[in-house]
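Below is one structure, written out as structure tokens, with a few remarks after it.
Bear in mind that the values in this text are calculations on the coordinates, not laboratory data. In this text the structure is predicted, and so the values were computed from the model without any measurement. So basically every Cβ, Gly included, is an ideal-geometry build from the backbone, and we count neighbours across all protein chains shown.
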Protein chains: 14
Amino acid sequence: MDSITTIAITSIIMAGFTTGIGCLLPALSEGKAVAAALGSIAQQPDASPTITRTLFVGLAMIESTAIYCFVVSMILIFANPFWNYITAI
Amino acid sequence: MDSITTIAITSIIMAGFTTGIGCLLPALSEGKAVAAALGSIAQQPDASPTITRTLFVGLAMIESTAIYCFVVSMILIFANPFWNYITAI
Amino acid sequence: MDSITTIAITSIIMAGFTTGIGCLLPALSEGKAVAAALGSIAQQPDASPTITRTLFVGLAMIESTAIYCFVVSMILIFANPFWNYITAI
Amino acid sequence: MDSITTIAITSIIMAGFTTGIGCLLPALSEGKAVAAALGSIAQQPDASPTITRTLFVGLAMIESTAIYCFVVSMILIFANPFWNYITAI
Amino acid sequence: MDSITTIAITSIIMAGFTTGIGCLLPALSEGKAVAAALGSIAQQPDASPTITRTLFVGLAMIESTAIYCFVVSMILIFANPFWNYITAI
Amino acid sequence: MDSITTIAITSIIMAGFTTGIGCLLPALSEGKAVAAALGSIAQQPDASPTITRTLFVGLAMIESTAIYCFVVSMILIFANPFWNYITAI
Amino acid sequence: MDSITTIAITSIIMAGFTTGIGCLLPALSEGKAVAAALGSIAQQPDASPTITRTLFVGLAMIESTAIYCFVVSMILIFANPFWNYITAI
Amino acid sequence: MDSITTIAITSIIMAGFTTGIGCLLPALSEGKAVAAALGSIAQQPDASPTITRTLFVGLAMIESTAIYCFVVSMILIFANPFWNYITAI
Amino acid sequence: MDSITTIAITSIIMAGFTTGIGCLLPALSEGKAVAAALGSIAQQPDASPTITRTLFVGLAMIESTAIYCFVVSMILIFANPFWNYITAI
Amino acid sequence: MDSITTIAITSIIMAGFTTGIGCLLPALSEGKAVAAALGSIAQQPDASPTITRTLFVGLAMIESTAIYCFVVSMILIFANPFWNYITAI
Amino acid sequence: MDSITTIAITSIIMAGFTTGIGCLLPALSEGKAVAAALGSIAQQPDASPTITRTLFVGLAMIESTAIYCFVVSMILIFANPFWNYITAI
Amino acid sequence: MDSITTIAITSIIMAGFTTGIGCLLPALSEGKAVAAALGSIAQQPDASPTITRTLFVGLAMIESTAIYCFVVSMILIFANPFWNYITAI
Amino acid sequence: MDSITTIAITSIIMAGFTTGIGCLLPALSEGKAVAAALGSIAQQPDASPTITRTLFVGLAMIESTAIYCFVVSMILIFANPFWNYITAI
Amino acid sequence: MDSITTIAITSIIMAGFTTGIGCLLPALSEGKAVAAALGSIAQQPDASPTITRTLFVGLAMIESTAIYCFVVSMILIFANPFWNYITAI
């Protein structure tokens, strides 16, 4: 295989891998946080504004790690410096 | 194999892999959240509107990670820049 | 192997893989949600309409991830753009 | 190996794999749901009609993911478009 | 190896694999359901007819997934369309 | 290797594999069921006839999956249609 | 390697594998059952005859799966039809 | 493959791997911390300022490990000294 | 490698493997049973003769599976029919 | 591949691997410590200064292991003695 | 490699493997039994002679499986019939 | 590859591997110890000096195993006797 | 590679493997036993002499399995009969 | 590769592997013991001298298994008899 094909293949593989694997545990983690929030609301309904606010901050933090992975995938597909270098030769 | 075949194969494999693997834990996570919501409703029926609302926001966040994976799969199948580059040569 | 055979094989493999693996955890997750629903009904029979309704919404969300996988499988078998491209040459 | 043999082998492998793997967790999940139902009946015998009904709906949903896998297997064995294409050449 | 041998081997492997792997979790799942039933009878002896009936329906559902796997194995050994096609040439 | 040797080897491997792997979880599952039965008798000695009867039905169901595996092994060793076909040539 | 050596090796490997792997979970399962029996006797000493009897029936069932594996190993070593066929040529 | 292609491929693979794998457990860990915070607020609403502050410090510490991984990925893509050395020859 | 060496190597490997792997879970299982026995004696010192007796019967059953593995190892080292056949040629 | 390329590749791989893998459990561990701290504050708000101080010391210790990994990665990328030796030849 | 070297290597590998792997779970199991004994003594100091006696019998049984593995290792190193056969040629 | 390159590569790989893997469980273990310390302080604030002192001794012991790994990595990178021997030839 | 090198390598590998792997679970097991002893002393300080004595006997038994592994390693490095045989030729 | 290089590489790999892997569970185990000690002190502050003393003896025992691994690593790097033999030729 020539260089262009090789780099294209590698980019495709890693784009899928990074998103496919890297979103697993953030999803699990959000499920955990949401479950804990629901349990807390059921236990202490009066504190639900504080709980909801803390939950949203937490979800944002967790989502950020999933987004790191998504960003790396997008860079590999649409802004890959190695691909640009090779196709520019 | 020539370049076109290779890139086609890689795209097929990663499209299936990304969706097949990347939807596992979001599904599990939603199950966890739903289970927690049901337990909370049983424990505190009066808070069910708050619980339901929080549940739906949480499910949307979790579903988003599954959708990232699905989006990457769709990009690889229907809007793959490497495929377009190769077939355009 | 020529290109047509290679792409056919890859599509068959990924179609089976995506459905076979991607349905595992949605199934587990639905089992979890149903189990939680049954426990909640036993604990609070009066809330059973709310519980059932929430359960069905949740099952629909979870089932959606299984359906993403099934859809990708079906696309790979019956609407595969790479297969169409190759056989059209 | 020629193309016909290759595709036949791949179809056999994936048919067995998809059913063999894809039925694992639905089975586990149904066992979980049934166990929860039995525990709930023991705890609240009066709610047994509601529990049984919810259980059956849940089992149907879970069974559906096992059936997706079985359907893909059957398609690969008896209605495989790639096989038809190759043998029709 | 010629085509006939190859397909024979693949069929043997997948027949054993599908049954050997695909029966694992149904068995585990039935054990779980039976254990839950026994615990429920011990807790609420009066509900034993309902429990037994629900248990049998559940076991039938779970057994069905094991039977899917067994059926695929039997098809691969005794009614394999690819084998028939090859040996008929 | 010629065809006869290849098929013999494959049959030996799968016969051992199917029984060796496929009996693992049925055994575990029976242990679970027996343990639950013993705990239930200790908790509710008066219900021991019902418990024992339900246990035996359950063990029979679980044992059936182990027997599927054993049957496939025996078919592969003593009634293998592919072996008969090859040795009959 | 000639056919005789190949089949001998395969038989040795699978004989060891089947017994070595296939006895793992029956042993674990018997340990579980025995542990449950001991706990039950400690909890309800008066029911010890029933418990012991049920335990022995259960152990016999579990041991049977270990014996299936041992039988397959012995068949592969001392009554292997493929070996007999090859050495009889 | 020549040196440039090889280094490009390796950098792509490790960039995806490092972010994809290295963000898994930080995400899980944040989910755990958030869940604990929510549970603590529900249990002791009066201490919510202290809890929230401690939570944010903790999240920052955990996030830092995810950022180490992201930083290594970015270095490998955009500031890779080996790539610079090779392309400068 | 000639046949004698090959069979010798395979026998050595499987002898070690069968004992090394096959003794793992029996050991664990005996530990479980002993631990349960000790807990039961502490809970109900008066039942210690019954407990001890049941424990010894159970340990004998569990030990039997470890001995199956040891027996297969010894057969493979000291009474291997395939080795005898080859060295007798 | 020549020596320079080989060492470059190895350094890239290990830099990513060491950080990517080596930050997993420190992150998890910090999450555990933070969760325990939050639970402790909720249980004993008066001891929060002691808890917070102990938490920070602990986090520093845990973070140190993540930093060992990051340091090794940085050494491999920016101060690699083997790379310096090779490029200096 | 000639036969002598091959058999020597295999024996070394399996000797280390059998002891290295085969001692893992007996050790764990003894730890479990000792822990249970200590807990039982703490709970019922008066029964400590019975507990200690039962513990020692149990440890002897568990140690026996570790010794099987050690014995096989020693046989492979110092009394290996295959090695004796080869070196005697 | 020549000897120098090979040894350089091996040293790089093992330096990263030893630190990357060998720091995982010490980190987890410190997290466990810190969590236990925090829980103990919350439960018994008066004993906090003793707890803190014991914690620090324990952390030092645990850290020592992480440091063994780090030391081996540093030896492999900066004081590798095999590297010195080869480069001195 | 010649015989001497091969046997040297194998011995090195197995010496490290046997100790590296074979010390894992004894260490874990001792940790378990010590933890149980500490918990028992806290629960029943008066029984501490009995507990300590039993603990030391148990630790000695567990340590013995780690020592089996260490002994095999030392035999492989310093008293390897195969090495002696080869170097004596 | 010549013998010297091969043995050097193997020694480097096993030195890193033995320490990297073999320190994992001792670290975990010490964490467990320390956590148990802290919990015991919190529960029974008066017994803290006995607890501390028992803890230190236990930590020493556990540390010993980590030191076995470290010793084997050091032997492989600095006192390797195979290396001495080869370099002395």
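Every Cα-Cα pair in the protein assembly as shown was counted, and those over 49 Å apart are 32% of them.
Within the shell of other residues whose beta carbon sits under 13 angstrom from the beta carbon of J:Ser64, the net charge comes to -4, with Lys and Arg scored +1 and Asp and Glu -1.
Note that the stretch N:3-80, at 10 °C in a medium of 1.306 mPa s, gets a Stokes-Einstein diffusion coefficient of 111 µm²/s from its Kirkwood radius over C-alpha pairs.
Per-peptide packing, taken as the mean over residues of other Cβ atoms within 10 Å, places K:10-16, L:75-81 in the sequence K:10-16, L:75-81 from highest down. Within a Cβ distance under 14 Å of B:Ile41, other residues only, what is the Lys/Arg minus Asp/Glu net charge? Summing Lys/Arg as +1 and Asp/Glu as -1 gives 0.
For the residues of F:79-87, the average number of beta carbons from a partner chain within 10 Å of their own beta carbon is 4. Taking the charge dipole of the protein assembly as shown about its Cα centre, with +1 at Lys and Arg Cβ atoms and -1 at Asp and Glu Cβ atoms, the residue from I:Thr18, E:Tyr68, N:Ile7 reaching farthest to the positive side is E:Tyr68. For the peptides J:44-56, K:56-68, the ranking by mean Cβ contacts within 10 Å, running from highest to lowest, is K:56-68, J:44-56.
Each Lys or Arg adds one and each Asp or Glu takes one away; over the other residues whose Cβ falls under 15 Å from the Cβ of N:Leu24, this sums to -3.
Only aspartates and glutamates eight or more places from L:Lys32 in sequence, or on another chain, were considered; those with a Cα closer than 15 Å are J:Glu30, J:Glu63, L:Glu63, N:Glu30.
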